[in-house]
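Okay, structure first, notes after.
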Amino acid sequence: MKRHQRCIARRASLGLCAALISGAIPAWAEPSAAEKATAEALFDAALDLMKKGRNEEACPRLEQSHRIDPGIGTLLYLAECYEKTGRTASAWATFRQAMSESQAAGQGDRARKAQARAARLEPGLSKLTIDVGPEALAIEGLTVSVAGKALERPLFGIAIPRDPGEIAIEASAPGHETWKTTVKLGATGAAESVKVPPLTRLSVASSEPGAPAPSAEEGPAPAPAPARGAAAPAESGGDTTRLIGLVVGGAGVVGLGVGTFFGVRAISKNGEAEDYCKGGATCEDPRGVTLTNEASSAATASNIAFGLGTAAVIGGAVLYFVVAPRQTSRVQVGPMVDGRNVGLLVGGTFE
């Protein structure tokens with residue numbers, strides 16, 4: 001059997017060629033010589049496998065051969081291969097396709113044979129119906145897939161021929177749980193019907209991106225009850241105030257450190273200046289004058305830093321221990337002076 005026939009320059013075939021050119025009948029791009037050779041090799045290998053009864057291996061080769069270089073002969077053998085492997089719905093559909101293409105090509109004998117084979121299979125086709133109720137249909141973005149392929153809405157509720165075996169069915173929609181089931185479709189005229197239920201809405205906080213808003217029936221989510229014996233806003237405000245107190249107090253400690261640094265620098269510069277200025281109220285040595293000025297500047301910076309640092313430490317302590325709402329507390333703030341240190345002492349107790 002020849003794989004396919006082309007239009008030839010005869011009067012009887014002129015109408016078909018015109019139809020192909022105009023697009024009335026689906027036409028494929030002409031395969032290259034290398035592609036034709038590949039298609040022929042696949043076709044021959046498939047026929048050899050079918051003769052040996054290895055139809056499961058033959059069908060994929062025929063499918064690939066027809067994709068590369070479509071032909072009516074290939075379709076007829078592919079339909080027969082499907083029939084031998086129990087894929088009755090695929091065989092029936094392929095025989096009908098071969099019948100249609102044969103009629104269009106003026107190949108009456110092939111068209112009659114394909115029609116007869118399809119008619120013989122039709123009474124024994126197994127069929128599957130997917131019913132989707134109004135509630136499920138109303139869900140925005142609903143998608144129903146059968147055997148991994150999306151099922152168009154016009155096909156809902158229609159008994160569609162399917163190859164026997166286990167068939168996976170899935171329904172999904174944004175913001176809803178995915179529903180899945182598997183149905184085992186029997187052979188020889190079996191019929192199954194599956195109803196897709198309304199999908200369950202996901203329990204996701206509405207503040208998250210993409211989360212569905214609560215429906216009018218659900219109403220707004222109730223506000224959480226405050227903890228017994230405590231005011232949550234006051235506690236939150238107290239935490240913020242204590243945090244500010246820690247930051248201000250920390251800045252004050254840094255200021256005291258800066259003041260200490262400049263104080264030590266002033267003492268050091270002043271000692272160096274005395275080496276150049278040996279006596280008298282006026283120093284004659286330029287280097288001594290410079291060192292004296294630097295010592296004075298460092299002393300000024302030290303005083304300013306100490307002043308600001310002390311104020312910040314006191315302010316931070318007041319914010320942390322006194323202003324922030326917390327447990328009852330007693331705070332003591334005072335200076336600390338000993339033989340080696342000068343600073344601020346902050347202490348307190350909590351009840």
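The values are calculated or read from the model by the stated rules, or taken from the named source; none is laboratory data. Computed from a predicted model, the values in this text were never measured in an experiment. We place every Cβ from the backbone using ideal geometry, glycine too, and count neighbours over all the protein chains shown. When the accessible area is computed, the model is the full protein with side chains, heavy atoms only, and any ligands, DNA or RNA have been set aside. Shrake-Rupley method; radii C 1.70, N 1.55, O 1.52, S 1.80 Å.
Residue 96 satisfies every condition listed in (1) touching a Leu at 6+ places or on another chain (Cβ under 6 Å); (2) closer than 26 Å to residue 188 by Cβ except (1).
For the stretch 139-155, the tally of residues that are open to solvent by less than 40 Å² (accessible area, probe 1.4 Å) and either of a type in the set (D, E, K, R) or part of a loop (DSSP other than H, G, I, E, B) (or both) stands at 3. Within the stretch 162-202, the set of residues being within 26 Å of residue 126 (Cα to Cα), among the aliphatic types (A, V, I, L, M) and in contact with a strand residue (DSSP E or B) (Cβ under 8 Å, 6 or more places away or on another chain) comprises 167, 168, 169, 171, 183, 185, 190, 191, 194, 196. A count restricted to the stretch 153-165 and to residues that are at pLDDT 95 or above and charged (D, E, K, R) stands at 2. Within the stretch 112-128, is there a residue that is assigned to a helix (DSSP H, G or I), touching a residue at least 40 places away in the same chain (Cβ under 8 Å) and farther than 24 Å from residue 188 by Cα? No, the stretch 112-128 contains no residue that is assigned to a helix (DSSP H, G or I), touching a residue at least 40 places away in the same chain (Cβ under 8 Å) and farther than 24 Å from residue 188 by Cα. Per the conditions (1) more than 17 Å from residue 132 (Cβ to Cβ); (2) buried (at least 17 other Cβ atoms within 10 Å of the Cβ); (3) acidic (Asp, Glu), the sole criterion not satisfied by residue 166 is (2).
Among the criteria (1) open to solvent by less than 40 Å² (accessible area, probe 1.4 Å); (2) touching a Pro at 6+ places or on another chain (Cβ under 9 Å); (3) assigned to a helix (DSSP H, G or I); (4) closer than 28 Å to residue 188 by Cα, the one residue 39 does not fulfil is (4). Selection within the stretch 80-100: residues that are hydroxyl-bearing (Ser, Thr, Tyr) and in a helix (DSSP H, G or I). The member of this set that is most open to solvent (accessible area, probe 1.4 Å) is 100.
Is there a residue being more than 23 Å from residue 189 (Cα to Cα), among the basic types (Lys, Arg) and in a helix (DSSP H, G or I) anywhere in the stretch 62-79? Yes, that holds for at least one residue. Considering (1) under 26 Å from residue 318 (Cβ atoms); (2) surrounded by fewer than 14 Cβ atoms within 10 Å (Cβ to Cβ); (3) at pLDDT below 70, the lone condition that residue 257 does not fulfil carries the number (3).
Residue-level check: of (1) open to solvent by less than 30 Å² (accessible area, probe 1.4 Å); (2) in contact (Cβ under 8 Å) with a residue 60 or more places away in the chain, residue 183 misses just (2).
Residues in the stretch 129-138 that are at pLDDT below 95, open to solvent by 40 Å² or more (accessible area, probe 1.4 Å) and outside any helix (DSSP H, G or I): 138 only.
Of the set (1) open to solvent by 20 Å² or more (accessible area, probe 1.4 Å); (2) modelled with pLDDT of 95 or more; (3) out of contact with any Ser or Thr (no Cβ under 7 Å at 6 or more places or on another chain), all apply to residue 56 but (3).
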